[in-house]
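Colleague: Mind looking over this structure? Questions follow.
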Amino acid sequence: MSIKGKFGNIDFVKNYKRMWPYIKPYSFRALAALLICIPIGSLDAVIALSLKPYMDIVMVEKSIQSPWYIPLGIVLFTCLQGFLNYMAVYLNTWVGGKITNALKHDLYKKLLTFETGFFDCRNSGDIVFRFNNDADCACAGLLNNLKSFTSRLFSSISLIGVLIYNSWQLAIIAITILICAFLPLAKLRERIKDVMNKSVAAGAHIITIFNETFSGNKTIFAYNLENIQMKKFDDILNNIFNLSIKITQRTSWLSPMMHVIVSIGIGAAIGYGSHLIITKEITSGNFVSFITALIMLYTPIKNLGNNLNQVQFSFMAIDRIFELFDQDTLIKDNNNAAALSDITDYIEYNNVSFSYGERLPQVLNNITFKAYAGTTTAFVGNSGGGKTTIVNLLPRFYNITGGEIIIDGKNINQYSVKSLRENIAVVFQDNFLFSGTIRENIILGNPSATEEDIRVAVKMACLEEFINSLEFGLETEIGERGIRLSGGQKQRIAIARAFIKNAPVIILDEATSALDNKAEVIVQKAIDNLMKDKTVFVIAHRLSTIKNADNIIVINDGHIVESGKHDELLSISNGAYKSLYNAQFRNQEELAGVR
């Protein structure tokens, strides 16, 4: 069942059905909040209905015996209504908070299932907005809409009952006008959907600006980019302002139009009601009670346009949330995937090709090589040639587009993703450290590590002297992304993290290229410790670090152009590796008299 017309093609029932699993654990409180809304709405009729006997007795008959219980009853019913409204708001807030947390939990869980490519084509603001802000918007709107709809429904039913009780003739006029008041809403959603989507994108963009300012503050200050950043920020603010004006332009006519339509209904009721009073078909009490009920019925309708945008945002947020849940995850286990316990024989790339998108060029073309367990394979070549992409395919950060990668005779797709990655430790060029302590970042490699494991990892990563110099040692807070550490210190913590993981395969992605000579010496020693008795894939910036590799593969423009040991490759006349080596070491060798 789809409810259409009032808000275009939004499927209200479908949205609420899909939210049911999140509501179900708290259904008792949610139902209680909903049931409380019935008397809240129904009690609106009490005031209007009580005015009939009061007006007939006091104002018309001018009785000395004033029905004192009527004003007192109105006060008591209003107090009851206020208390019930408080209870409904409290229960809605409680249930809403629980549902929001559950929804955010599942959204974050879904976020962690997406492949690296998902993050490559999105900015941080979009992630925050889609996986956090939308949940707040959806849940707040979900419960507030239900509360408002339920109380408004029963309020309308009770008030229409009062209208019919006082005068069925005037009730027909009022209900006809009520129906007409909703007609302008028929195509409204389609008119504002595009603008609302752009508003969401603009909101995400502004979050990105703040994130970039936080992470890139040194670059901003170093290059005097304050004015440029300010201009970008102002442009986004102006865009958001213009979008809000467009929404206002497309919706602000609604409330004035409602006022006009409602005023026609009230005017028609007063005009025809006067005739009915004169002809004595209704009493003055009937008329006053009718008009009061009519005004109470029409008042929320007059302000409907002011609340419509929030309702639209809420349901569009629900749509966007379930779009994410419905989005397929590209990196996932095949049926009957086996657990990879160890790598004992070899890792083979067999005619592997890869592209970052269907319409994008091939980054790798027919890459074929075999790395036996316990050996070191190094990749060198021109920048952007595909070296990092090759190693990123092994832990399945991306799915290959051609060929296959084999571990001990099986395609890596036959292993579970979790077990595959448990057997691989990666040290990147720019390692990510999480906010927290040094200890917390190291044990991410093995949360169950003992103190002895940590001590050994610290020693092998050449961190002992540095940590002993700190007041709080391993418990030292390093700041977001390790901002309080030097490049070499961050690399060694990452190496300790990889060491404590004790995985049989190590990937080193230019782990020393961003370091100065002194830091490189220390980090290289830590890397040498890490590489012992492991199957290693290393991307080398400095060729001196890979002279002893069992196999050096030269990658240029996505192709393997040469492979072999260091001495073998140097013996190739006009070879690609020899050209790289000569370009990097000629001056040093001349100074040392090696040539």
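Colleague: So Val352 fits all but one of (1) modelled with pLDDT under 85; (2) surrounded by 15 or more Cβ atoms within 10 Å (Cβ to Cβ); what number is the exception?
Modeller: Single failed check for Val352: (1).
Colleague: Can you tell me which residue among Arg359, Arg396 is out of contact with any Asp or Glu (no Cβ under 6 Å at 6 or more places or on another chain) and buried (at least 16 other Cβ atoms within 10 Å of the Cβ)?
Modeller: Arg396
Colleague: In addition: Any chance the stretch 255-278 includes a residue that's of a type in the set (Ser, Thr, Tyr), under 30 Å from Lys198 (Cβ atoms) and either touching a Phe, Trp or Tyr at 6+ places or on another chain (Cβ under 6 Å) or surrounded by fewer than 16 Cβ atoms within 10 Å (Cβ to Cβ) (or both)?
Modeller: Within the stretch 255-278, not a single residue is of a type in the set (Ser, Thr, Tyr), under 30 Å from Lys198 (Cβ atoms) and either touching a Phe, Trp or Tyr at 6+ places or on another chain (Cβ under 6 Å) or surrounded by fewer than 16 Cβ atoms within 10 Å (Cβ to Cβ) (or both).
Residues are listed down the side, and each one gets a yes or a no for (1) more than 25 Å from Lys565 (Cα to Cα); (2) not polar (S, T, N, Q):
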| residue | (1), (2) |
| --- | --- |
| Tyr346 | no, yes |
| Leu360 | yes, yes |
| Gly385 | no, yes |
| Ile390 | no, yes |
| Asn399 | yes, no |
| Lys418 | yes, yes |
| Ile424 | no, yes |
| Asp430 | yes, yes |
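Colleague: Report, by residue number, each residue of the stretch 365-384 that is crowded, with 18+ Cβ neighbours inside 10 Å and more than 13 Å from Val554 (Cα to Cα).
Modeller: Passing the criteria: Asn365, Ala371, Thr376.
Conditions (1) under 30 Å from Ser544 (Cα atoms); (2) touching a Cys at 6+ places or on another chain (Cβ under 9 Å); (3) β-branched (Val, Ile, Thr), marked per residue:
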| residue | (1), (2), (3) |
| --- | --- |
| Thr329 | no, no, yes |
| Lys332 | no, no, no |
| Ile347 | yes, no, yes |
| Val352 | yes, no, yes |
| Leu364 | yes, no, no |
| Ala371 | yes, no, no |
| Thr377 | yes, no, yes |
| Lys387 | yes, no, no |
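Colleague: Can you name the condition, by its number, that Ile467 falls short on among (1) in contact with a Leu (Cβ under 7 Å, 6 or more places away or on another chain); (2) of a type outside the set (D, E, K, R); (3) at positive phi; (4) modelled with pLDDT of 85 or more?
Modeller: Failed condition: (3).
Colleague: Can we say Ile390 is in contact with a Leu (Cβ under 8 Å, 6 or more places away or on another chain), outside any loop (DSSP other than H, G, I, E, B) and touching a residue at least 12 places away in the same chain (Cβ under 8 Å)?
Modeller: Yes; evaluated as a whole, the condition is true for this residue.
Colleague: A further question on this structure: Is it the case that the stretch 404-418 has a residue that's in a loop (DSSP other than H, G, I, E, B), touching a Pro at 6+ places or on another chain (Cβ under 6 Å) and surrounded by 14 or more Cβ atoms within 10 Å (Cβ to Cβ)?
Modeller: no
Colleague: Checking Cys121 against (1) at pLDDT 70 or above; (2) surrounded by 14 or more Cβ atoms within 10 Å (Cβ to Cβ), which test does it fail?
Modeller: Failed condition: (2).
Colleague: Applying the selection to the stretch 539-579, what residues are surrounded by fewer than 19 Cβ atoms within 10 Å (Cβ to Cβ), within 42 Å of the chain's Cα centre (by Cα) and either within 19 Å of Lys370 (Cβ to Cβ) or charged (D, E, K, R) (or both)?
Modeller: Result: Arg542, Asp557, His559.
Colleague: Being over 11 Å from Asn382 (Cα atoms) and not in a helix (DSSP H, G or I) is the filter here, so list the residues in the stretch 541-558 that pass it.
Modeller: Arg542, Lys547, Asn548, Ala549, Asp550, Asn551, Ile552, Ile553
Colleague: Now for a different question. Only one of (1) free of Cβ contacts under 8 Å to residues at least 60 places away in the same chain; (2) of a type in the set (Lys, Arg); (3) within 23 Å of Ala378 (Cα to Cα); (4) surrounded by fewer than 21 Cβ atoms within 10 Å (Cβ to Cβ) fails for Lys459. Which number is that?
Modeller: Result: Lys459 fails condition (3) only.
Colleague: Cβ-Cβ below 7 Å, separation at least six or inter-chain, first residue in the stretch 154-168 and free of Cβ contacts under 8 Å to residues at least 60 places away in the same chain and more than 13 Å from Val46 (Cβ to Cβ), second assigned to a loop (DSSP other than H, G, I, E, B) and of a type outside the set (Ser, Thr, Tyr): which pairs?
Modeller: Listed by first residue and then by second, the contacts come to nothing, as the list is empty.
Colleague: Among the helices (runs of 4 or more DSSP H) confined wholly to the stretch 124-183, which include 1 or more residues that are touching a Leu at 6+ places or on another chain (Cβ under 8 Å) and over 30 Å from Leu103 (Cβ atoms)?
Modeller: Numbers: elements: 124-128, 134-166, 168-182.
By residue number, 134-166, 168-182.
The values are calculated or read from the model by the stated rules, or taken from the named source; none is laboratory data. Since this is a predicted model, take the numbers as computed values, not measurements. Virtual Cβ from ideal backbone geometry, glycine too; neighbours counted across all protein chains shown.
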